[in-house]
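Heads up: the structure comes next, in structure tokens.
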Amino acid sequence: MGKSTNAEMISRVREVYGLLVKSYSRFEILQYAAERWLVSERTADIYIQRARELIQQDSEIERPQWLAAAIARLVKYEQRAGNEDNLQTAIKALETQAKLLRFDI
């Protein structure tokens, strides 16, 4: 198979990222890449390396950024639960928000 385009490489690295997050081993990813994209072990290792770099970048998030994103998700969960009359889940989401923000309830 010919050389992949930049867009194909980005797509493949993202797919490998997902596999790494799902705890696929290097061997499993090499097999997957060989079967799916017909690439060499060396090329698959490049995808793995770039995907790991993305994972590293994602893990460098600052606490305030993480906290803001977590609160935003919890607000959505609370809203959805309230709309579905699932009050226990809505209350739990609200309690978790308060805990993260260090409010005493």
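The values are calculated or read from the model by the stated rules, or taken from the named source; none is laboratory data. From a predicted model like this one, the values you see are computed outputs, not experimental measurements. Glycine also receives a Cβ, built like all others from the backbone with ideal geometry; neighbour counts cover every protein chain displayed. Only protein heavy atoms, including side chains, enter the accessible area calculation; ligands, DNA and RNA are left aside. Shrake-Rupley method; radii C 1.70, N 1.55, O 1.52, S 1.80 Å.
Excluding ligands, DNA and RNA, the accessible surface per residue across the chain is 78 Å² with a 1.4 Å probe. Split the accessible area of region 7-82 by element, probe 1.4 Å, and carbon with sulfur accounts for 52%. For the chain, a simple Cβ point-charge model (Lys and Arg +1, Asp and Glu -1, everything else neutral) yields a dipole of about 140 debye relative to the Cα centre. Can you tell me the 0 to 90 degree angle between the C-alpha axis of helix 87-100 and the longest principal axis of the chain, rounded to 10? Orientation of helix 87-100: about 80 degrees from the principal axis. Relative to the longest principal axis of the Cα atoms of the chain, helix 41-59 runs at roughly 20 degrees. For region 49-105, rounded, prolate or oblate, judged on the Cα gyration tensor with a ≥ b ≥ c (square roots of eigenvalues), a/c < 1.5 rounded, else prolate if a/b > b/c? Because a/c hits 1.5 or more and a/b fails to exceed b/c, region 49-105 counts as oblate. The long axis of helix 63-83 is offset from the longest Cα principal axis of the chain by roughly 70 degrees.
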